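Chemist: Take a look at the following structure, please.
The values are calculated or read from the model by the stated rules, or taken from the named source; none is laboratory data. Treat the numbers as computed from the prediction; the structure is a model and nothing was measured. Methodologically, a virtual Cβ is constructed for each residue, glycine included, from the backbone with ideal geometry; neighbour enumeration extends over all protein chains shown. When the accessible area is computed, the model is the full protein with side chains, heavy atoms only, and any ligands, DNA or RNA have been set aside. Shrake-Rupley method; radii C 1.70, N 1.55, O 1.52, S 1.80 Å.
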Amino acid sequence: MDDVEVRQVDIAAVPTTFDASVVLLDVREDDEWQRGHAAGAQHLPMGDVPARLAEIDPDAELYVVCHRGGRSLRVANYLARNGYTPINVEGGMLAWVGAGRPVVTDAGDAGSV
């Protein structure tokens, strides 16, 4: 099956705050998430996405992020084939940090990527 065209955006086009209508879906593994993530992001490891699709709001503006942008693009393609309109974050969390955006731990402390 051909991949549908998934929109990709530079970190500058990604919002800095998230809520029910704007979701940053972080598809990195648990250990990566624990080290640091964007405040308000939704964590769903890449391998869990097919089984947990119902947890992703199809009506939300959906940004997908990983460490560098490769895994998130694969997940975004999968989501697009399943009725979502995801936006892949080019450069991933490395770009997020590179743009001076904060990362936090689950405890609310400063995190790292």
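Chemist: Would you mind getting me the FRET efficiency between ARG35 and THR85? Use the beta-carbon distance for r and R0 = 22 Å, nearest 0.05.
Modeler: After rounding to 0.05, the efficiency reads 0.15.
Chemist: Grab the DSSP H runs of the chain that are 4 residues or longer, score each as -39,500 (n - 2.57), total them, divide by all residues and round the 222 nm result to the nearest 500 deg cm²/dmol.
Modeler: -6000 deg cm²/dmol
Chemist: On a C-alpha basis, how far is the centre of segment 52-68 from the centre of segment 86-111 in Å? Whole number, if you could?
Modeler: After rounding, the separation between the Cα centres reads 15 Å.
Chemist: Select from ILE56, ILE87, ILE11 the residue whose mean-square fluctuation is largest in a Gaussian network model of the chain (Cα-Cα springs shorter than 10 Å).
Modeler: ILE56
Chemist: What fraction of the DSSP beta bridges in the chain is antiparallel, stated in percent and rounded to the nearest 5? Working shown, then result.
Modeler: Details: 2 of 15 bridges.
Here the antiparallel bridges make up roughly 15 percent for the chain.
Chemist: Of all the accessible heavy-atom surface of segment 29-113, with the other protein chains kept in place and a 1.4 Å probe, what percent is carbon and sulfur? Walk me through the numbers on the way to the answer.
Modeler: Working: 2010 of 4100 Å².
Percent of accessible area from carbon and sulfur atoms in segment 29-113: 49.
Chemist: Tabulate in residue order the Karplus-calculated ³J(HN,Hα) for segment 22-38, using 6.51 cos²θ - 1.76 cosθ + 1.60 with θ = phi - 60°, rounded to whole Hz; enter x for Gly and Pro.
Modeler: Residue by residue, segment 22-38 yields 10, 10, 9, 8, 8, 9, 6, 6, 3, 5, 5, 4, 4, 5, x, 8, 6 Hz.
Chemist: Quick one, can you get me the convex hull of the C-alpha atoms of segment 1-55 expressed as volume per residue in Å³?
Modeler: Residue-normalised Cα hull volume stands at 126 Å³.
Chemist: How far, in degrees from 0 to 90, does helix 70-81 lean away from the longest principal axis of the Cα atoms of the chain, to the nearest 10?
Modeler: Orientation of helix 70-81: about 40 degrees from the principal axis.
Chemist: Now, a different point. Please work out the average accessible area per residue across the chain, using the 1.4 Å probe convention, and give it in Å².
Modeler: 51
Chemist: Assigning unit charges at the beta carbon (Lys, Arg +1; Asp, Glu -1) and nothing else, what dipole magnitude in debye, to the nearest 20, does the chain show about its Cα centre?
Modeler: Roughly 240 debye for the chain.
Chemist: Tell me the net charge near ILE87. Cut-off is 12 Å between Cβ atoms, ILE87 excluded, with +1 for each Lys or Arg and -1 for each Asp or Glu. Don't skip to the end; give the middle numbers.
Modeler: Details: positive: ARG7; negative: GLU5, ASP10, GLU61, GLU90.
Net of charged neighbours comes to -3.
Chemist: Which label belongs to the value computed from this structure, given these candidates for Cα extents along the principal axes in Å: (1) 41, 27, 24; (2) 38, 38, 21; (3) 37, 27, 22?
Modeler: Here Cα extents along the principal axes in Å agrees with entry (1).
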